Amino acid sequence: MQTNFTDEQLQDPDLRESNKILRTCVHCGFCTATCPTFVLLGDELDSPRGRIYLIKDMLENGKPATARVVKHLDRCLSCMSCMTTCPSGVHYAHLVDHARGYIEATYTRPWHDRALRWLLCELIPRPTLFRWSLRSAQLAQPLKGLMRGRMRAMLELAPKSLPKPSPVDRPQVIPAEGPRRARVAILTGCAQRVLDTNINEATVRLLTRHGVEVVVADGMGCCGSLPHHLGKLEDSHAKAAANIEAWWKETEAGGGPGLDAIVINASGCGTTVKDYAFVFREDAKLKDKAEAISALTRDVTEYLLEIGVMPPTRRTGHTVAYHSACSMQHGQQLKTQPQRLLTEAGFKVKGVPEGHLCCGSAGVYNVLQPKIANQLRTRKLANIAKTQPAIIATGNVGCMTQLGPHSEAPVVHTVELIDWATGGPLPKGLAGRIEETAAEPVQVAAS
Ligand code: SF4
Ligand code: SF4
């Protein structure tokens, strides 16, 4: 694509980067077929190619974003399905992130939109506040029928009950069982540790059972992806910088005992942390540290395959529909690892038809764009039902929250199933919904 930025504009490193990305697009339109919003809405401006044109015009003109541009970029899920499809390697993620920051800096949203975005960014990354707000939402459930749009979507997403805070989420070092073979830091997340404490607990059990010491670093918190995708770049960079410093202190180069990996069990957060190196590429103070942290980062399934998982100690055999989160398959390009682990643990794993399409969760998209998000959820659940699963597994808490309350089959995290198969307890989400199987050594054919 031809671009016309001035030399002065190209002094700005972000514009320089976006110019480079724009020039790789050859307008072929292959990406439109796999873009969920284009598939649903059929409008070129709600396709990756249409959005790329809108972004190009907005950035080249250097004028404040218009309501038209904002409407179509707000509808983008940042699912990155277009990046998987694109034959030219257009880095749409970095382009749309830049555009969102530009919109935030130049466009004044209606007050209710600003207020909601501010509230989401303030509440969700703070577990105590988030817990408190979810409890308030539970109290407001009887009023749900009177509400419409985003308010109703928020109430519908609030879970009926919340677990107590888990001790594993506090800063600490959790020793390996038996001889220590590795030492890793985990990201305990922000929303995840309020919505579902089982995921971090299963992750810690699984890692320590495999001889891995687990560090929950003091000062680590939200990965920054929530404000990042809302264009609040200063906030997201501050959160990322805090994590980088917290983990850096644990590395040998940072004066700590050393880290073999940073293990992340929410694929949305993993995608963001793996991108810290790009975010801080122009930051003299953090560039090297951010590169080191991104290089150490692994999704939990990626890491488990690297160290090798013990054979299952329990006969499972249930049919599992594996729903691959967009951040897993498109953001991190991890397309086979979780399924391989589940198969090796004895489950009958089935891929989901139209598996490349988003379930509509996409961070807080299901609050901000509830109509599209609900359509995507309905479509996803219909596709999942075709596999007739006993269990649905996924690697991102956002997808679990989006699908779980509307699904016939229970939705759990992949690590909960691997933990169960190798000696852990039955995942809480499966209690009363599937039969517990006896613990016994079992032979499973390799995938
Ligand atoms: S597939 Fe890639 S090159 Fe083709 S229009 Fe989409 S973004 Fe541009
Ligand atoms: S990120 Fe997803 S929704 Fe956005 S343009 Fe790409 S495919 Fe479409």
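Checking Ala253 against (1) more than 23 Å from Ile307 (Cβ to Cβ); (2) free of Cβ contacts under 8 Å to residues at least 60 places away in the same chain, only one condition comes out false. Which one?
Among (1) more than 23 Å from Ile307 (Cβ to Cβ); (2) free of Cβ contacts under 8 Å to residues at least 60 places away in the same chain, the lone unmet condition for Ala253 is (1).
I'd like the full set of residues that are part of a loop (DSSP other than H, G, I, E, B), within 25 Å of the chain's Cα centre (by Cα) and over 18 Å from Val397 (Cβ atoms), limited to the stretch 147-177. Can you show your working first?
If we filter the stretch 147-177 for residues that are part of a loop (DSSP other than H, G, I, E, B), which is where we start, we get 147-148, 158-166, 170-171, 175-177.
With the extra rule that they be within 25 Å of the chain's Cα centre (by Cα), the set shrinks to 158-166, 170-171.
If the condition is that a residue be part of a loop (DSSP other than H, G, I, E, B), within 25 Å of the chain's Cα centre (by Cα) and over 18 Å from Val397 (Cβ atoms), then Arg170, Pro171 are the ones that fit.
This table checks each residue for (1) in the same structural domain as Val415 (by TED's automatic domain parsing); (2) among the basic types (Lys, Arg); (3) touching a residue at least 12 places away in the same chain (Cβ under 8 Å).
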{"residue": "Lys285", "(1), (2), (3)": "no, yes, no"}
{"residue": "Lys350", "(1), (2), (3)": "yes, yes, yes"}
{"residue": "Leu376", "(1), (2), (3)": "yes, no, yes"}
{"residue": "Gln388", "(1), (2), (3)": "yes, no, yes"}
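All but one of (1) among the aromatic types (Phe, Trp, Tyr); (2) within 13 Å of ligand 1 (Cβ to nearest atom); (3) more than 27 Å from Lys274 (Cβ to Cβ) hold for Tyr92; which doesn't?
(3)
Could you check Arg180 against (1) in a helix (DSSP H, G or I); (2) over 20 Å from Pro427 (Cβ atoms); (3) without any contact (Cβ under 8 Å) to a residue 60 or more places away in the chain and say which number it fails?
It fails just one condition, (1).
Is there a residue in the stretch 330-346 that is outside the structural domain of Lys232 (by TED's automatic domain parsing), more than 30 Å from Asp260 (Cβ to Cβ) and touching a residue at least 12 places away in the same chain (Cβ under 8 Å)?
Within the stretch 330-346, the first condition is being outside the structural domain of Lys232 (by TED's automatic domain parsing), and the residues that meet it are 330-346.
Retained after the next criterion (residues that are more than 30 Å from Asp260 (Cβ to Cβ)): none.
So far as the stretch 330-346 goes, no, none of its residues is outside the structural domain of Lys232 (by TED's automatic domain parsing), more than 30 Å from Asp260 (Cβ to Cβ) and touching a residue at least 12 places away in the same chain (Cβ under 8 Å).
What about Leu426, is it of a type in the set (A, V, I, L, M) and either outside the structural domain of Thr316 (by TED's automatic domain parsing) or in contact (Cβ under 8 Å) with a residue 40 or more places away in the chain (or both)? Can you show your working first?
Details: of a type in the set (A, V, I, L, M): yes; either outside the structural domain of Thr316 (by TED's automatic domain parsing) or in contact (Cβ under 8 Å) with a residue 40 or more places away in the chain (or both): no.
Taking the combined requirement at face value, the residue does not satisfy it.
Hey, could you check the stretch 67-87 for residues that are aliphatic (A, V, I, L, M) and within 14 Å of ligand 1 (Cβ to nearest atom) and say which is surrounded by the fewest Cβ atoms within 10 Å (Cβ to Cβ)? Before you say what the answer is, go through the steps one by one.
Taking the stretch 67-87 first, the residues aliphatic (A, V, I, L, M) are 67, 69-70, 73, 77, 80, 83.
Retained after the next criterion (residues that are within 14 Å of ligand 1 (Cβ to nearest atom)): 80, 83.
Values: Met80: 24, Met83: 19.
Filtering first and then ranking leaves Met83.
Checking the conditions here, which among Thr188, Thr197, Thr208, Thr203 is more than 24 Å from Ala242 (Cβ to Cβ) and among the β-branched types (Val, Ile, Thr)? Before you say what the answer is, go through the steps one by one.
Details: Thr188 fails: more than 24 Å from Ala242 (Cβ to Cβ); Thr197 fails: more than 24 Å from Ala242 (Cβ to Cβ); Thr203 fails: more than 24 Å from Ala242 (Cβ to Cβ).
Matching residue, one of Thr188, Thr197, Thr208, Thr203: Thr208.
Please return the ranges of helices (runs of 4 or more DSSP H) entirely within the stretch 236-319 where 3 or more residues are within 30 Å of Glu436 (Cα to Cα). Show your work before the answer.
Details: elements: 267-274, 276-279, 287-296, 300-307.
The helices (runs of 4 or more DSSP H) meeting that bar are 300-307.
Mind listing whichever residues of the stretch 338-374 are polar (S, T, N, Q) and either closer than 20 Å to His229 by Cβ or assigned to a loop (DSSP other than H, G, I, E, B) (or both)?
Of all residues in the stretch 338-374, those polar (S, T, N, Q) come to 339, 343, 361, 366, 369, 374.
Answer for the stretch 338-374, where residues must be polar (S, T, N, Q) and either closer than 20 Å to His229 by Cβ or assigned to a loop (DSSP other than H, G, I, E, B) (or both): Ser361, Asn366, Gln369, Asn374.
Can you pull out the residues in the stretch 34-46 that are more than 10 Å from ligand 2 (Cβ to nearest atom) and either surrounded by fewer than 14 Cβ atoms within 10 Å (Cβ to Cβ) or not in a helix (DSSP H, G or I) (or both)?
Correct list: Gly42, Asp43.
Suppose we keep only residues that are under 16 Å from Gly89 (Cβ atoms) and of a type outside the set (A, V, I, L, M) within the stretch 21-33. Which one would you say is farthest from ligand 2 (Cβ to nearest atom)?
Selected residue: Arg23.
Filter the stretch 157-190 down to residues that are closer than 16 Å to Ile124 by Cβ and surrounded by fewer than 18 Cβ atoms within 10 Å (Cβ to Cβ), then give me how many there are. Give the derivation first.
Filtering the stretch 157-190 for residues closer than 16 Å to Ile124 by Cβ gives 157-159, 162, 165, 169, 187-190.
Then keep just the ones that are surrounded by fewer than 18 Cβ atoms within 10 Å (Cβ to Cβ); that gives 159, 162, 165.
Looking only at that region, the number is 3.
Do you know which of the residues in the stretch 62-107 that are within 24 Å of the chain's Cα centre (by Cα) and of a type in the set (Gly, Ala, Ser) is farthest from Thr24 (Cα to Cα)?
This residue is Gly101.
The values are calculated or read from the model by the stated rules, or taken from the named source; none is laboratory data. Because the structure is predicted, anything quoted here is derived from the model rather than measured. With ideal geometry, Cβ positions are generated from the backbone for all residues, glycine too; neighbour counts draw on all protein chains shown.
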